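Below is one structure, written out as structure tokens; the observations come after it.
The values are calculated or read from the model by the stated rules, or taken from the named source; none is laboratory data. Values in this document were obtained by computation on a predicted structure and should not be read as measured data. Note that we place each Cβ from the backbone using ideal geometry, even for glycine, and neighbour counts take in every protein chain shown.
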Amino acid sequence: MSKVFVNIGLSLDGYMAPEGMTMEYWDRPEYKDWGAKWGALMSWILKQQYLRELLKFGPGGETGPVNDMVRYTMERTGANIMGKRMFEQGEVAWPEEAPFHTPVYVLTHEKREPWARPGGTTFYFVNDGPESALEQAKESAGGRDIRISGGADVIQQYLNLGVIDELEIALAPVVFGGGDAFSRTYASRCSGFELTRCMKVRLLHTCAMCVSKGGQHVSQHGPATAEGGFAARVAVRLPPTLGVMSAIERSARLREKEASWQR
Ligand SMILES: NC(=O)c1ccc[n+]([C@@H]2O[C@H](COP(=O)([O-])OP(=O)(O)OC[C@H]3O[C@@H](n4cnc5c(N)ncnc54)[C@H](OP(=O)(O)O)[C@@H]3O)[C@@H](O)[C@H]2O)c1
């Protein structure tokens with residue numbers, strides 16, 4: 001059965017995009033230094049061969065486990081869902097062959113006809129809410145997974161609906177101090193997540209980070225050398241069975257864990 005997943009880059013202080021990164025200042029990346037900050041958040045992925053190819057950046061790029069992971073994320077995805085803000089930026093920044101190669105459902109109040117791009121990406125503009133977009137995405141995904149691509153506004157809506165099976169977070173060792181916060185209106189349904197995977201990604205930054213989610217806690221520290229920092233990609237997912245009974249069992253387990261931390 002297809003899963004619904006999120007896959008994002010996040011700053012250490014929980015921002016998905018730096019302050020100033022809006023269409024108004026799109027041509028002024030020096031505004032509040034948003035261009036450099038975005039680069040610091042995403043440079044690791046933009047260096048991967050697979051993504052370079054997808055974005056038409058030209059030949060070259062890193063190969064290896066991180067590149068394989070990026071490829072896997074794209075190949076598992078049968079449909080994408082995104083918000084209008086993310087789409088607006090992509091509309092001007094993505095190459096003509098948009099880097100999805102699937103149907104993309106854009107949540108918006110704007111009424112607009114579907115927009116087909118070469119290479120198999122068609123953007124559909126959905127005006128009747130996140131549940132409808134998810135239903136359409138599932139119908140068109142051919143059994144593959146559904147990616148909630150962003151931004152934070154849209155991800156929050158799906159977290160609040162309790163339909164996200166997996167969160168993949170690439171935590172970068174940068175602090176923005178403001179911007180688009182991943183967590184705006186956290187819902188209690190997020191509490192069932194468990195940490196399942198963690199992978200290091202080489203970055204040109206020093207880092208010290210700490211990830212805590214659903215009763216799990218991971219702490220790692222990177223050396224202060226130009227090549228030595230790392231970010232972790234942390235995947236958490238909900239147990240396959242959801243419902244009142246499993247929710248109660250889960251919260252009982254979490255309470256036990258919380259009690260053991262306090263001892
Ligand atoms: N770090 C990462 O991995 C990552 C990933 C993706 C995006 N981003 C960044 O995130 C930023 C955008 O995020 P965001 O949270 O500001 O915006 P967003 O989620 O991309 O879009 C929000 C907009 O979508 C429309 N919308 C959302 N839900 C709707 C609904 N239920 N019904 C109708 N319309 C709806 C509304 O626009 P209208 O009312 O105008 O239609 C709303 O203002 C960008 O800077 C992008 O680069 C970062």
Can you find, within the range 93-123, the residue that is farthest from the ligand (Cβ to nearest atom) among those that are in contact with a Ser or Thr (Cβ under 8 Å, 6 or more places away or on another chain) and at positive phi?
Gly120
Can you tell me which residue within the range 45-81, out of those that are crowded, with 19+ Cβ neighbours inside 10 Å and within 12 Å of the ligand (Cβ to nearest atom), is nearest to Arg112 (Cα to Cα)?
Ile81
Would you pick out the residues in the range 22-38 that are surrounded by 14 or more Cβ atoms within 10 Å (Cβ to Cβ) and either within 14 Å of the ligand (Cβ to nearest atom) or over 18 Å from Phe176 (Cβ atoms) (or both)?
Thr22, Tyr25, Trp26, Pro29, Tyr31, Lys32, Trp34, Gly35, Lys37, Trp38
For residues that are outside any loop (DSSP other than H, G, I, E, B) and of a type in the set (D, E, K, R), scanning just the range 1-44, find the one that is nearest to Ile146 (Cα to Cα).
Lys37
Taking the criterion of being surrounded by fewer than 17 Cβ atoms within 10 Å (Cβ to Cβ), more than 9 Å from the ligand (Cβ to nearest atom) and either not in a strand (DSSP E or B) or not polar (S, T, N, Q) (or both), would at least one residue in the range 82-92 satisfy it?
yes
Residue that is at pLDDT below 95 and polar (S, T, N, Q), where the choices are Ser188, Ser132
Ser188
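The rows are residues; the columns are (1) assigned to a helix (DSSP H, G or I); (2) at negative phi; (3) buried (at least 16 other Cβ atoms within 10 Å of the Cβ); (4) more than 10 Å from the ligand (Cβ to nearest atom).
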site	(1), (2), (3), (4)
Phe125	no, yes, yes, no
Ser132	yes, yes, no, no
Glu135	yes, yes, no, yes
Gly142	no, no, no, yes
Asn160	yes, yes, yes, yes
Val163	no, yes, yes, yes
Hits in the range 12-21 - residues which are of a type in the set (A, V, I, L, M, F, W, C) and surrounded by 20 or more Cβ atoms within 10 Å (Cβ to Cβ):
Met16, Ala17, Met21
